[in-house]
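Here the structure is laid out as C-alpha coordinates; the discussion comes afterwards.
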Amino acid sequence: MRIYLLIQAKQIKISPIMIFKRLTDICISGLALVGLSPLLVGIAVAIKLDSEGPIIFKQKRIGEGGEFFEIYKFRTMKTGTPNLPTDQMQKLPSPVTKVGEFLRKTSLDELPQLLNVLTGQMSLVGPRPALYNQTELTALREENGVLRFPPGITGWAQINGRDELPDQVKVDLDKWYCDNWNYWLDWRIIFSTFGAVLSKRGAF
(Lines give C-alpha, C1' and ligand atoms only; values in the text may rest on other atoms or scores of the structure.)
Protein backbone atom coordinates (compact mmCIF):
# COMPACT_ATOMS: atom_id res chain seq x y z
CA MET A 1 0.00 0.00 0.00
CA ARG A 2 2.89 2.37 0.76
CA ILE A 3 4.21 1.85 -2.78
CA TYR A 4 0.80 2.64 -4.25
CA LEU A 5 0.53 5.88 -2.30
CA LEU A 6 4.00 6.96 -3.44
CA ILE A 7 3.14 6.20 -7.07
CA GLN A 8 -0.07 8.22 -6.74
CA ALA A 9 1.82 11.17 -5.31
CA LYS A 10 4.37 11.08 -8.12
CA GLN A 11 1.86 10.73 -10.96
CA ILE A 12 -0.42 13.67 -10.15
CA LYS A 13 1.90 15.66 -7.86
CA ILE A 14 -0.48 15.51 -4.95
CA SER A 15 -0.10 17.10 -1.55
CA PRO A 16 -0.05 15.15 1.72
CA ILE A 17 -3.77 15.89 2.09
CA MET A 18 -4.42 13.86 -1.09
CA ILE A 19 -2.63 10.93 0.54
CA PHE A 20 -4.97 11.43 3.49
CA LYS A 21 -7.87 11.21 1.02
CA ARG A 22 -6.56 7.81 -0.06
CA LEU A 23 -6.18 6.63 3.53
CA THR A 24 -9.76 7.77 4.22
CA ASP A 25 -10.92 5.77 1.19
CA ILE A 26 -9.19 2.65 2.52
CA CYS A 27 -10.59 2.99 6.04
CA ILE A 28 -14.18 3.80 5.06
CA SER A 29 -14.47 1.26 2.24
CA GLY A 30 -12.98 -1.50 4.40
CA LEU A 31 -15.26 -0.75 7.36
CA ALA A 32 -18.30 -0.39 5.10
CA LEU A 33 -17.70 -3.77 3.42
CA VAL A 34 -17.57 -5.42 6.83
CA GLY A 35 -20.45 -3.49 8.38
CA LEU A 36 -22.72 -3.85 5.35
CA SER A 37 -21.93 -7.53 4.77
CA PRO A 38 -25.42 -8.75 5.89
CA LEU A 39 -27.04 -6.29 3.45
CA LEU A 40 -24.65 -7.31 0.66
CA VAL A 41 -25.45 -10.99 1.20
CA GLY A 42 -29.19 -10.24 1.24
CA ILE A 43 -28.98 -8.33 -2.04
CA ALA A 44 -26.94 -11.13 -3.62
CA VAL A 45 -29.58 -13.72 -2.64
CA ALA A 46 -32.40 -11.51 -3.99
CA ILE A 47 -30.64 -11.05 -7.34
CA LYS A 48 -30.05 -14.80 -7.68
CA LEU A 49 -33.68 -15.62 -6.90
CA ASP A 50 -35.04 -12.94 -9.22
CA SER A 51 -33.27 -13.76 -12.49
CA GLU A 52 -30.65 -15.90 -14.16
CA GLY A 53 -27.11 -14.60 -14.43
CA PRO A 54 -24.19 -13.51 -12.27
CA ILE A 55 -24.68 -11.51 -9.07
CA ILE A 56 -21.89 -9.06 -9.84
CA PHE A 57 -21.82 -7.12 -13.10
CA LYS A 58 -18.39 -6.09 -14.38
CA GLN A 59 -17.97 -3.31 -16.91
CA LYS A 60 -14.96 -1.65 -18.52
CA ARG A 61 -14.61 1.98 -17.46
CA ILE A 62 -12.07 4.76 -17.88
CA GLY A 63 -10.20 5.65 -14.74
CA GLU A 64 -7.43 7.94 -13.61
CA GLY A 65 -5.05 8.94 -16.39
CA GLY A 66 -7.33 7.36 -19.01
CA GLU A 67 -6.48 3.84 -17.83
CA PHE A 68 -9.12 1.13 -18.22
CA PHE A 69 -10.39 -0.82 -15.22
CA GLU A 70 -13.35 -3.06 -14.41
CA ILE A 71 -16.04 -1.51 -12.26
CA TYR A 72 -18.17 -3.72 -10.01
CA LYS A 73 -21.92 -3.39 -9.57
CA PHE A 74 -24.77 -5.60 -8.47
CA ARG A 75 -26.41 -6.85 -11.65
CA THR A 76 -29.67 -4.99 -12.27
CA MET A 77 -30.35 -6.01 -15.88
CA LYS A 78 -31.03 -9.18 -17.79
CA THR A 79 -27.96 -10.92 -19.17
CA GLY A 80 -27.05 -9.89 -22.71
CA THR A 81 -28.06 -6.24 -22.28
CA PRO A 82 -25.81 -3.97 -24.43
CA ASN A 83 -23.24 -1.71 -22.77
CA LEU A 84 -24.78 1.74 -23.14
CA PRO A 85 -24.79 4.86 -20.96
CA THR A 86 -27.66 4.81 -18.46
CA ASP A 87 -29.58 7.67 -20.10
CA GLN A 88 -29.50 5.90 -23.50
CA MET A 89 -31.04 2.77 -22.02
CA GLN A 90 -34.33 4.67 -21.77
CA LYS A 91 -34.70 4.42 -25.56
CA LEU A 92 -34.85 0.60 -25.40
CA PRO A 93 -37.42 -1.80 -23.93
CA SER A 94 -36.56 -1.97 -20.25
CA PRO A 95 -34.03 -4.74 -19.56
CA VAL A 96 -34.09 -4.01 -15.82
CA THR A 97 -35.09 -6.84 -13.49
CA LYS A 98 -37.61 -6.42 -10.66
CA VAL A 99 -34.91 -6.46 -8.00
CA GLY A 100 -32.70 -4.37 -10.27
CA GLU A 101 -35.28 -1.59 -10.47
CA PHE A 102 -35.23 -1.22 -6.69
CA LEU A 103 -31.44 -1.39 -6.53
CA ARG A 104 -31.02 1.30 -9.18
CA LYS A 105 -33.57 3.67 -7.62
CA THR A 106 -31.84 3.37 -4.25
CA SER A 107 -28.31 3.25 -5.72
CA LEU A 108 -27.65 0.05 -3.76
CA ASP A 109 -26.33 -1.48 -6.98
CA GLU A 110 -23.25 0.72 -6.56
CA LEU A 111 -22.16 -0.86 -3.24
CA PRO A 112 -19.71 -3.38 -4.79
CA GLN A 113 -17.66 -0.39 -5.94
CA LEU A 114 -16.39 -0.24 -2.38
CA LEU A 115 -14.07 -3.03 -3.59
CA ASN A 116 -12.84 -0.75 -6.39
CA VAL A 117 -12.17 1.93 -3.77
CA LEU A 118 -10.36 -0.47 -1.45
CA THR A 119 -8.04 -1.64 -4.24
CA GLY A 120 -7.29 1.93 -5.37
CA GLN A 121 -9.06 1.89 -8.73
CA MET A 122 -11.60 4.42 -7.47
CA SER A 123 -12.16 6.91 -4.68
CA LEU A 124 -15.27 7.48 -2.59
CA VAL A 125 -15.60 10.90 -4.23
CA GLY A 126 -14.50 11.91 -7.72
CA PRO A 127 -15.77 12.19 -11.30
CA ARG A 128 -17.94 9.20 -12.19
CA PRO A 129 -15.95 6.88 -14.51
CA ALA A 130 -17.10 6.96 -18.13
CA LEU A 131 -17.87 3.84 -20.13
CA TYR A 132 -15.07 2.68 -22.45
CA ASN A 133 -17.23 3.67 -25.46
CA GLN A 134 -18.16 7.18 -24.28
CA THR A 135 -15.45 8.70 -26.45
CA GLU A 136 -16.88 12.23 -26.61
CA LEU A 137 -17.24 12.47 -22.85
CA THR A 138 -13.75 11.08 -22.33
CA ALA A 139 -12.25 13.55 -24.84
CA LEU A 140 -13.92 16.47 -23.04
CA ARG A 141 -12.63 15.23 -19.70
CA GLU A 142 -9.11 14.91 -21.06
CA GLU A 143 -9.27 18.44 -22.47
CA ASN A 144 -10.36 19.82 -19.11
CA GLY A 145 -7.93 17.88 -16.94
CA VAL A 146 -10.61 15.80 -15.25
CA LEU A 147 -8.79 12.50 -15.79
CA ARG A 148 -6.03 13.57 -13.40
CA PHE A 149 -8.32 12.62 -10.50
CA PRO A 150 -9.35 9.07 -9.57
CA PRO A 151 -13.00 8.33 -10.42
CA GLY A 152 -15.51 8.20 -7.59
CA ILE A 153 -18.60 6.35 -6.42
CA THR A 154 -20.20 9.77 -6.04
CA GLY A 155 -19.15 13.22 -7.18
CA TRP A 156 -20.01 16.88 -7.63
CA ALA A 157 -21.96 16.16 -10.83
CA GLN A 158 -23.93 13.38 -9.12
CA ILE A 159 -25.30 15.66 -6.41
CA ASN A 160 -26.09 18.31 -9.02
CA GLY A 161 -28.13 16.29 -11.48
CA ARG A 162 -26.71 12.80 -12.10
CA ASP A 163 -27.58 11.11 -15.41
CA GLU A 164 -29.93 13.70 -16.88
CA LEU A 165 -27.10 16.22 -17.34
CA PRO A 166 -25.59 16.79 -20.82
CA ASP A 167 -21.95 15.73 -21.21
CA GLN A 168 -20.62 19.30 -21.30
CA VAL A 169 -22.40 20.19 -18.06
CA LYS A 170 -21.05 17.03 -16.39
CA VAL A 171 -17.54 17.93 -17.48
CA ASP A 172 -17.91 21.52 -16.29
CA LEU A 173 -19.01 20.27 -12.87
CA ASP A 174 -16.21 17.68 -12.74
CA LYS A 175 -13.66 20.34 -13.73
CA TRP A 176 -14.92 22.61 -10.95
CA TYR A 177 -14.46 19.78 -8.47
CA CYS A 178 -10.92 19.01 -9.66
CA ASP A 179 -9.91 22.68 -9.65
CA ASN A 180 -11.43 23.41 -6.25
CA TRP A 181 -10.86 20.13 -4.44
CA ASN A 182 -10.22 20.04 -0.74
CA TYR A 183 -10.70 17.33 1.85
CA TRP A 184 -13.84 18.88 3.34
CA LEU A 185 -15.45 19.25 -0.08
CA ASP A 186 -15.42 15.45 -0.30
CA TRP A 187 -17.32 15.19 2.97
CA ARG A 188 -19.82 17.79 1.80
CA ILE A 189 -20.43 15.70 -1.33
CA ILE A 190 -20.74 12.47 0.66
CA PHE A 191 -23.41 13.93 2.96
CA SER A 192 -25.22 15.56 0.02
CA THR A 193 -25.24 12.23 -1.80
CA PHE A 194 -27.68 10.80 0.75
CA GLY A 195 -30.15 13.55 -0.13
CA ALA A 196 -29.69 12.97 -3.88
CA VAL A 197 -30.26 9.23 -3.45
CA LEU A 198 -33.37 9.72 -1.31
CA SER A 199 -34.85 12.18 -3.83
CA LYS A 200 -34.10 9.68 -6.68
CA ARG A 201 -33.32 12.71 -8.82
CA GLY A 202 -31.70 11.75 -12.12
CA ALA A 203 -31.76 8.01 -11.37
CA PHE A 204 -32.82 5.62 -14.13
Checklist entry - Quick check, is Ile159 hydrophobic (A, V, I, L, M, F, W, C) and in a helix (DSSP H, G or I)? => result yes
Checklist entry - Within segment 111-138, restricting attention to residues that are at pLDDT 95 or above and surrounded by fewer than 18 Cβ atoms within 10 Å (Cβ to Cβ), which residue is farthest from Phe191 (Cα to Cα)? => result Thr119
Checklist outcome for this item: Out of (1) among the β-branched types (Val, Ile, Thr); (2) at pLDDT below 95; (3) touching an Asp or Glu at 6+ places or on another chain (Cβ under 7 Å), the one Thr81 does not meet is (3)
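Yes or no, residue by residue, for (1) surrounded by 11 or more Cβ atoms within 10 Å (Cβ to Cβ); (2) in contact with a helix residue (DSSP H, G or I) (Cβ under 8 Å, 6 or more places away or on another chain); (3) closer than 14 Å to Leu114 by Cα:
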residue: Leu33; (1), (2), (3): yes, yes, yes
residue: Pro38; (1), (2), (3): no, no, no
residue: Lys48; (1), (2), (3): yes, no, no
residue: Glu52; (1), (2), (3): no, no, no
residue: Ile56; (1), (2), (3): yes, no, yes
residue: Arg61; (1), (2), (3): yes, no, no
Checklist outcome for this item: Residue set Arg104, Arg141, Arg128; condition in a loop (DSSP other than H, G, I, E, B) and in contact with a strand residue (DSSP E or B) (Cβ under 8 Å, 6 or more places away or on another chain); output residue Arg128
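The values are calculated or read from the model by the stated rules, or taken from the named source; none is laboratory data. In this text, all values refer to a predicted model and were calculated from it rather than measured experimentally. Positions of Cβ are backbone-derived with ideal geometry, glycine not excepted, and every protein chain shown enters the neighbour counts.
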